[in-house]
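Take a look at the structure below.
The values are calculated or read from the model by the stated rules, or taken from the named source; none is laboratory data. Just so it is clear, the structure is predicted and the values come from calculations on it, not from any experiment. Here the Cβ positions follow ideal geometry from the backbone for every residue, glycine too, while neighbour counts run over all protein chains shown.
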Amino acid sequence: MRRYDLIGGLFFIVFGFLIIIFSLYLPVGTFRNPGAGLVPLISGVCMCILSFVVFFSFYLQGSSETKVFIEKKHGLQIVFKTIVALLIFPFIFKCIGYLIGTFIFLIYLFKVSGEMKWKLSLVGALLITLFSYLIFNVFLEVQFPRGLLENLLGR
């Protein structure tokens, strides 16, 4: 698996740099006034950072897990449940809104796919939901469907 970490990490480092380079040909803009190149630029930077982590992780921890996800007990069931959740999420998103829908969706994914503990699932879902809401709704001013929470608060 070590070789796959190196190859995969290197591939996505190169791919991330290509995304960064080509996004700079587009107007980037600012967070308040984003241009067409802002999201690809941020995506490319994130991809490079995460790929560097994967690429150099074998120095820190030896080798990665030797089991393949699908061979894991109930691996195909987890994949199926995740796909079903991804198909249902847009409907939940429209009905109960971004904050509650995303929070519930992430908890489900963390518990089913990641098999995380409840405390970690709740904290992770809360932080990701709030952080993404801050980026998209506050900074980029993307309008999400009104949900139960916003209707109760009278916004």
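A few notes on this one:
- Positions within the range 1-51 being in contact with a Gly (Cβ under 6 Å, 6 or more places away or on another chain) and part of a helix (DSSP H, G or I), in sequence order: Gly16, Ile19, Ile20, Ser23, Leu38, Gly44, Met47, Cys48, Ser51
- Across the range 4-22, the number of residues qualifying as at pLDDT 90 or above and aromatic (Phe, Trp, Tyr) comes to 3.
- For the range 94-107, taking the residues that are out of contact with any Gly (no Cβ under 6 Å at 6 or more places or on another chain) and surrounded by fewer than 18 Cβ atoms within 10 Å (Cβ to Cβ), the one that is nearest to Ile78 (Cα to Cα) is identified as Ile104.
- Selection within the range 27-38: residues that are surrounded by 14 or more Cβ atoms within 10 Å (Cβ to Cβ) and not small (Gly, Ala, Ser). The member of this set that is modelled with the lowest pLDDT is Pro34.
- None of Phe105, Phe93, Phe131 is over 21 Å from Val39 (Cα atoms), without any contact (Cβ under 8 Å) to a residue 24 or more places away in the chain and either over 15 Å from the mean Cα position of the chain (by Cα) or not assigned by TED's automatic domain parsing to the domain that holds Ile42 (or both) except Phe105.
- Pairs meeting the criteria (first residue in the range 21-32 and of a type in the set (Lys, Arg), second residue part of a helix (DSSP H, G or I) and at pLDDT below 90, beta carbons under 8 Å, at least 6 apart or on different chains) are Arg32/Phe139.
- Under the condition of being among the β-branched types (Val, Ile, Thr) and farther than 28 Å from Leu134 by Cβ, the residues counted in the range 14-59 number 2.
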